[in-house]
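Comments concern the structure below.
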Amino acid sequence: MHNRIKFWLLFVLLYILAFFIWWTYSLMDLNQEKFSLLLKNEELRAKQECMMMRNNMYQKEGEPFPKESIENYAQENCKGLELFWDEAGKPDLRVSKTVIDRNTAELKKERFKYLTEGITMFIMIAIGIIWIFVRIGKILNLSKQQNNFLLSVSHELKTPITAIQLSAQTLNRNFEKLNTENKFKLLDTINANTGRLNGLIDQMLILTRIEGSQYKYDKQDIDLKELVNGVIQNSSNTQLSHFTVINNIPSNAIVFFDRLTFELCFSNLIENSIKYSPNGGTISINGISKGGNWHIEVCDEGVGIKDEEKKRVFEKFYRVGNEDTRTSKGTGLGLYLVKQILSRQNASIRVKDNEPNGSIFVIKLKIK
Ligand code: ATP
Ligand code: MG
C-alpha cells in the first residue's frame with residue numbers, strides 16, 4: 001500500500017513539475033516574442049522617421065545634406081532613435097542603444113518574474129501534495145495499528161478473564177476436595193488477574209481522558225524516591241523476583257506533578273524493563289539533578305531498542321517487530337501514554353542505549 005502511495009506521489013509531483021516547466025517556458029517564450037516585436041516596431045519607426053527626415057531636409061540633387069540642421073532635426077523629432085551617416089553620406093536613423101538596453105533589461109526582468117512565479121507555484125503545490133500524502137500515509141498507518149491494537153487488546157483482555165474463569169470454576173467444582181493452600185493459590189490468581197484487567201482498563205480510560213483534555217491534573221509535591229518505591233512494591237509482575245531492582249533516587253528529590261499519572265509512567269517503564277529483559281538482570285532507577293532539571297533514568301539490561309526504532313516506540317500502538325513473530329504481549333499504548341502524560345505537564349522522555357546492553361529511558365522535568 002505504501003509503495004503504491006509513493007508511486008502516485010512521485011507521479012503527481014513529476015506531472016506537476018513537467019506542467020510548470022512547460023508553463024514557465026511558454027510564458028518566457030511569449031515574453032521574448034513580445035520584446036522582439038517591440039524592437040521591430042522601433043526599427044520600422046526609425047525607417048519611417050528617416051524617410052520623413054530626408055523629405056523634410058530635401059536638397060537639390062548632388063548637394064550634400066546640411067549636417068548641423070539634420071542633427072538638430074533628429075534631436076528634436078526622432079526620440080529614441082540614433083542618427084548616423086550611411087556609406088553614401090546620407091543621414092539615416094536606427095534604434096538607439098539606450099532603447100535596446102532598456103528593452104533587454106525589461107525582458108530579463110519579466111523572464112525572472114515568470115521563472116520565480118513558476119518555481120513558487122510549483123513549490124507551494126508540491127508542499128500541498130506532499131502534506132496530503134503524508135496525512136493519508138499517517139491515517140493508513142494509524143488504521144493499520146488500530147487494527148493490530150484491537151487484536152492485541154482483545155487478547156490482553158481475554159487472557160486474565162480466562163484465568164479468572166478457570167480459577168473460579170476449579171474453586172466452584174472442587175471446593176471440598178481442594179486443600180487450603182491450593183484454594184489460596186487460586187484466589188491469588190483471581191486477584192492478580194483482576195488487578196491486571198483493572199490496570200489495563202484504567203490505563204485506557206486515563207488515556208482517553210488525557211487525549212480528550214478531560215483529565216484534571218492534581219499537581220502536588222511528590223517525594224520521588226518514595227513514589228518509585230511504591231510503584232516497585234505494587235508491581236503485579238511476578239517476574240520481578242528475577243531482577244535486582246535498585247532505587248538510586250536521592251531522598252531530597254521533590255517534584256511538582258500529578259501523582260496518579262506519574263505513578264503510571266513509572267509502572268509502565270518498570271513493566272517494560274521487566275517485559276523486554278528475558279534474561280533478567282538489574283533494573284536501576286537513578287535521579288540526577290542537572291541544569292535546573294531532574295533527569296530520572298530507568299535502566300535495564302534487556303534486549304535494547306535499535307536507533308531507528310527509538311523515536312517510533314513513543315507512537316500510539318507502535319510495537320517493535322512483526323505481529324506474527326513477536327513473542328511478548330502488549331497493546332503498544334504504554335510509552336505513548338507516558339509521553340502524553342509527561343509532555344502535557346512540561347516534562348519529556350527519551351530513550352538511549354545502556355552499556356553493554358539494554359535501554360535507558362530518561363525523564364526530564366523541572367526541579368521544584
Ligand atoms: P503495553 O501497551 O502493554 O505497554 P507494549 O509494551 O508493547 O504494550 P509500549 O510500552 O508502548 O508497548 O512499548 C512499545 C514498544 O517499545 C514495545 O513493543 C517494545 O518493543 C519497545 N520497548 C519498550 N520498552 C522497552 C525496553 N525497556 N526494552 C526494549 N524494548 C522496549
Ligand atoms: Mg509497555
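Of note:
- Scan of segment 298-307 for residues that are modelled with pLDDT of 95 or more and open to solvent by less than 20 Å² (accessible area, probe 1.4 Å), ordered by number: 298, 299, 300
- Scanning segment 79-101 for residues that are surrounded by fewer than 16 Cβ atoms within 10 Å (Cβ to Cβ) and part of a helix (DSSP H, G or I) returns 97, 98, 100, 101.
- When residue 26 is tested against (1) farther than 30 Å from residue 125 by Cβ; (2) not β-branched (Val, Ile, Thr); (3) not in a loop (DSSP other than H, G, I, E, B), exactly one condition is not met: (1).
- Strands (runs of 3 or more DSSP E) lying entirely in segment 226-305 (those with 3 or more residues that are of a type in the set (Gly, Ala, Ser)): 281-290
- Considering the conditions (1) out of contact with any helix residue (DSSP H, G or I) (no Cβ under 6 Å at 6 or more places or on another chain); (2) open to solvent by less than 80 Å² (accessible area, probe 1.4 Å); (3) part of a helix (DSSP H, G or I), residue 35 is excluded by exactly one of them, (1).
- All conditions but one from (1) within 13 Å of ligand 1 (Cβ to nearest atom); (2) in contact with a strand residue (DSSP E or B) (Cβ under 6 Å, 6 or more places away or on another chain) apply to residue 265; the one that does not is (2).
- Candidates 290, 225, 310, 275 - the one that is surrounded by fewer than 13 Cβ atoms within 10 Å (Cβ to Cβ) and either more than 12 Å from ligand 1 (Cβ to nearest atom) or closer than 26 Å to residue 344 by Cβ (or both): 290
- Out of 198, 248, sole residue that is surrounded by fewer than 16 Cβ atoms within 10 Å (Cβ to Cβ), closer than 27 Å to residue 159 by Cα, more than 15 Å from ligand 2 (Cβ to nearest atom) and not acidic (Asp, Glu): 198
- Evaluated against (1) free of Cβ contacts under 8 Å to residues at least 12 places away in the same chain; (2) out of contact with any strand residue (DSSP E or B) (no Cβ under 6 Å at 6 or more places or on another chain), residue 288 falls short on exactly one condition, (2).
- Filter pass, residue 197 being out of contact with any strand residue (DSSP E or B) (no Cβ under 9 Å at 6 or more places or on another chain), in a helix (DSSP H, G or I) and farther than 23 Å from residue 235 by Cα: no
- Under the condition of being at pLDDT 90 or above and either within 16 Å of ligand 2 (Cβ to nearest atom) or open to solvent by 80 Å² or more (accessible area, probe 1.4 Å) (or both), the residues counted in segment 252-268 number 9.
- Among the residues here, residue 104 does not qualify as within 30 Å of residue 30 (Cα to Cα), surrounded by fewer than 12 Cβ atoms within 10 Å (Cβ to Cβ) and at pLDDT 85 or above.
- From 27, 10, 14, residue being hydrophobic (A, V, I, L, M, F, W, C) and surrounded by 12 or more Cβ atoms within 10 Å (Cβ to Cβ): 27
- For segment 354-368, a tally of residues being out of contact with any Gly (no Cβ under 6 Å at 6 or more places or on another chain) and closer than 26 Å to residue 277 by Cα returns 8.
- Flag for residue 305 being in contact with a Phe, Trp or Tyr (Cβ under 8 Å, 6 or more places away or on another chain), of a type in the set (A, V, I, L, M) and within 13 Å of ligand 1 (Cβ to nearest atom): no
- Residue list for segment 316-368, restricted to those being among the small types (Gly, Ala, Ser), surrounded by fewer than 16 Cβ atoms within 10 Å (Cβ to Cβ) and either closer than 21 Å to residue 255 by Cα or away from ligand 2 (no atom under 13 Å from the Cβ) (or both): 321, 343, 348
- Every residue from segment 1-34 that is polar (S, T, N, Q) and within 25 Å of the chain's Cα centre (by Cα): 3
- Test: residue in segment 341-352 that is closer than 19 Å to residue 142 by Cβ, within 24 Å of the chain's Cα centre (by Cα), part of a loop (DSSP other than H, G, I, E, B) and in contact (Cβ under 8 Å) with a residue 60 or more places away in the chain: no
- Selection within segment 16-47 - farther than 24 Å from residue 105 by Cβ and of a type in the set (D, E, K, R): 47
- Of all residues assigned to segment 43-58, none qualifies as being loosely packed, with under 12 Cβ neighbours inside 10 Å and over 30 Å from residue 97 (Cβ atoms).
- Test set (1) at pLDDT 90 or above; (2) closer than 18 Å to residue 144 by Cα - residue 316 fails condition number: (1)
The values are calculated or read from the model by the stated rules, or taken from the named source; none is laboratory data. Since we're looking at a predicted model, the values are computed, not measured. When we count neighbours, we look across all protein chains shown, and the Cβ atoms used for this are built from the backbone with ideal geometry, even at glycine. Just the protein is used for accessible areas: all its heavy atoms, side chains included, with ligands, DNA and RNA removed. Shrake-Rupley method; radii C 1.70, N 1.55, O 1.52, S 1.80 Å.
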